[in-house]
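Undergrad: The following block contains the structure, expressed as structure tokens.
The values are calculated or read from the model by the stated rules, or taken from the named source; none is laboratory data. This is a predicted model, so every value here is computed, not measured. Here Cβ is always computed from backbone atoms with ideal geometry, including for glycine, and neighbour counts include all displayed protein chains. When the accessible area is computed, the model is the full protein with side chains, heavy atoms only, and any ligands, DNA or RNA have been set aside. Shrake-Rupley method; radii C 1.70, N 1.55, O 1.52, S 1.80 Å.
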Amino acid sequence: MQLKTNNRFSAELPADVNETNVTRQVLNAAFSYVNPRIPSKPKLVHATEEVADLIGISKEKMQSNDFLELFSGTKVLTDSRPYAMAYAGHQFGNWAGQLGDGRAIVLGEVNHNNQNWMLQLKGAGSTPYSRRADGLAVLRSSIREHLCSEAMHYLGVPTTRSLSLILTGDEVLRDVMYDGNADYEKGAVVCRVAPTFIRFGNFELFSAQNDIENLKKLTDFTIKYHYPIIQSEGKEKYIEFFKLVAENTRKMIIDWQRVGFVHGVMNTDNMSILGLTIDFGPYGWLEDYNPDWTPNTTDKAHRRYRFGNQPDVAQWNLFQLANALYPLIEEAADLEKILNDFKTTFDIEYIEMMKSKLGLEKQNENDEKLIADLEQVLQLSETDMTIFFRSLSTIKKDTSAKDGISIVNNAFYNPKEIATSIAENWGNWFGKYINRIGIEENTDAIRKEKMNAVNPKYVLRNYMAQLAIDAANDDDYTIISELHEVLKKPYEEQAEFEKWFAKRPEWARIKIGCSMLSCSS
């Protein structure tokens with residue numbers, strides 16, 4: 001398959017001089033050359049036409065054997081050498097040292113319509129950064145990554161994309177819950193697509209190795225191709241770079257909070273330098289509105305990566321990036337100001353985001369308290385976040401507080417609770433909210449339209465992904481295709497897909513893959 005290659009990363013940054021594919025410490029290198037593992041019997045499960053179009057692949061070519069061979073790892077891209085990227089990182093708040101692409105291999109970069117895209121296979125075999133792992137991925141986690149990448153894009157959340165999901169024909173041994181019950185699962189590989197997969201950890205690696213020469217090369221490279229708006233020189237260039245990275249990160253987190261997304265593993269090696277959502281592991285969407293929820297069982301004890309803590313973790317991760325960039329600046333004041341401004345600006349933007357979810361445009365000194373009161377009352381009983389905000393758009397200026405509760409009744413997991421102990425709390429809030437929308441100039445219809453543009457009706461709930469996984473394990477891929485279609489229009493009504501606008505079923509409350517997820521893939 002002929003694609004227009006433009007391998008800037010591997011052409012302009014230092015390669016590992018050792019080309020043996022064995023686990024080791026790698027010094028003075030941004031990447032290591034390594035070929036994907038050739039699968040025994042690859043089979044295309046699903047491919048994304050919109051992503052194929054981004055890189056110059058037609059719908060017809062997607063069905064070709066060339067497509068299957070290239071994106072399964074059977075063959076490599078013409079005029080390109082595959083490689084794994086080197087980076088370090090902090091995991092769960094602790095320095096982990098060198099990490100790198102342990103199960104991801106970059107096929108290369110392609111240029112189409114004056115845009116450059118990095119193509120990366122996840123699950124294509126071991127690399128020098130695989131540590132004690134095999135570098136493979138299972139169908140279960142690959143389905144989750146493939147669907148979620150595209151779901152996030154159509155939600156309007158900055159994200160990496162997914163081109164294809166391919167079965168390898170090989171079995172992979174995995175201990176899903178790390179409890180000693182390992183079993184074989186179907187192997188798969190996903191082709192991820194992004195302008196770049198550079199992470200905070202790439203900078204941390206060179207800084208930790210005191211390799212300032214390559215730290216500067218990497219930073220200059222990233223600015224040249226991914227932040228070309230920066231025209232300053234010297235330390236000012238690196239300060240401006242850090243500021244823009246912080247801004248992009250903040251915007252991404254605001255969108256996560258808006259749609260109720262919980263990443264689950266916000267380690268610094270999982271933070272994109274472009275502010276893209278990257279590395280879809282034990283993620284989840286809030287079912288009931290619970291700021292303390294995390295889908296990651298590895299994080300169960302401390303809940304570091306819980307929904308409500310994501311803004312603070314993002315700031316903490318930016319602090320680590322600032323430390324990594326410090327040798328290029330050697331002054332802390334500007335970096336500290338950017339870090340402090342991150343939280344201050346986030347708090348302001350969070351209120352504005354929440355106002356948009358509530359359909360409020362006018363300035364009112366009581367809005368912050370109205371939002372805080374809502375966040376409290378939402379936690380008094382299990383209340384589905386997605387259904388609540390979507391249903392709220394149908395409230396009208398002349399709706400009574402009692403009727404307001406009835407309108408969102410479908411969002412409650414136990415409606416009987418609302419009719420008893422906490423009815424007064426909800427009634428008080430609805431009374432204030434209805435009074436508040438009464439001062440808005442927009443009509444009820446316009447407010448509803450604007451609210452529905454920011455409050456999705458369809459999100460990739462874990463139980464939905466698990467249904468697709470269970471069917472795929474029986475060689476039925478129809479749910480994958482159906483979810484892919486419905487999630488392309490998350491803000492539209494889509495009457496034919498109304499069944500997916502539903503609370504988590506009771507069976508999914510404690511089912512592995514729905515409420516309990518690990519980093520195992």
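Condition check ((1) crowded, with 17+ Cβ neighbours inside 10 Å; (2) in contact with a helix residue (DSSP H, G or I) (Cβ under 9 Å, 6 or more places away or on another chain); (3) not in a loop (DSSP other than H, G, I, E, B)) across all residues:
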position: Asp475; (1), (2), (3): no, no, no
position: Glu485; (1), (2), (3): no, yes, yes
position: Lys489; (1), (2), (3): no, yes, no
position: Glu492; (1), (2), (3): no, yes, no
position: Lys499; (1), (2), (3): no, no, yes
position: Arg504; (1), (2), (3): yes, yes, no
position: Ile510; (1), (2), (3): no, no, no
position: Cys514; (1), (2), (3): yes, yes, no
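Undergrad: Now for a separate question. Say whether the condition of being open to solvent by 80 Å² or more (accessible area, probe 1.4 Å), farther than 19 Å from Trp293 by Cβ and either of a type outside the set (Ser, Thr, Tyr) or assigned to a strand (DSSP E or B) (or both) is met by at least one residue in the stretch 373-380.
TA: Within the stretch 373-380, none of the residues are open to solvent by 80 Å² or more (accessible area, probe 1.4 Å), farther than 19 Å from Trp293 by Cβ and either of a type outside the set (Ser, Thr, Tyr) or assigned to a strand (DSSP E or B) (or both).
Undergrad: Give Asp367, Asp341, Asp347, Asp384 a once-over and let me know the one that is more than 28 Å from the chain's Cα centre (by Cα) and either among the acidic types (Asp, Glu) or open to solvent by less than 60 Å² (accessible area, probe 1.4 Å) (or both).
TA: On the way: Asp341 fails: more than 28 Å from the chain's Cα centre (by Cα); Asp347 fails: more than 28 Å from the chain's Cα centre (by Cα); Asp384 fails: more than 28 Å from the chain's Cα centre (by Cα).
The unique qualifying residue is Asp367.
Undergrad: Need at least 3 residues that are in contact with a Pro (Cβ under 9 Å, 6 or more places away or on another chain) and open to solvent by less than 10 Å² (accessible area, probe 1.4 Å) per element, so show me which helices (runs of 4 or more DSSP H) inside the stretch 152-270 make the cut, counting only ones lying wholly within it. Break it down stepwise before answering.
TA: Values: elements: 200-208, 212-226, 235-259.
So the answer is 235-259.
Undergrad: Would you call Ser393 of a type in the set (Gly, Ala, Ser) and either open to solvent by 10 Å² or more (accessible area, probe 1.4 Å) or under 26 Å from Glu247 (Cβ atoms) (or both)?
TA: Values: of a type in the set (Gly, Ala, Ser): yes; either open to solvent by 10 Å² or more (accessible area, probe 1.4 Å) or under 26 Å from Glu247 (Cβ atoms) (or both): no.
So Ser393 fails the test.
Undergrad: Anything in the stretch 355-364 that is open to solvent by 10 Å² or more (accessible area, probe 1.4 Å) and either of a type in the set (Lys, Arg) or part of a helix (DSSP H, G or I) (or both)? List them, or say none.
TA: The answer is Ser356, Lys362.
Undergrad: What pairs can you find where one residue is in the stretch 457-482 and touching a residue at least 40 places away in the same chain (Cβ under 8 Å), the other is in a helix (DSSP H, G or I) and charged (D, E, K, R), and their Cβ atoms are less than 7 Å apart, with a gap of 6+ or different chains?
TA: These pairs meet every condition: Lys457/Arg390; Ala465/Arg144; Ile469/Arg140.
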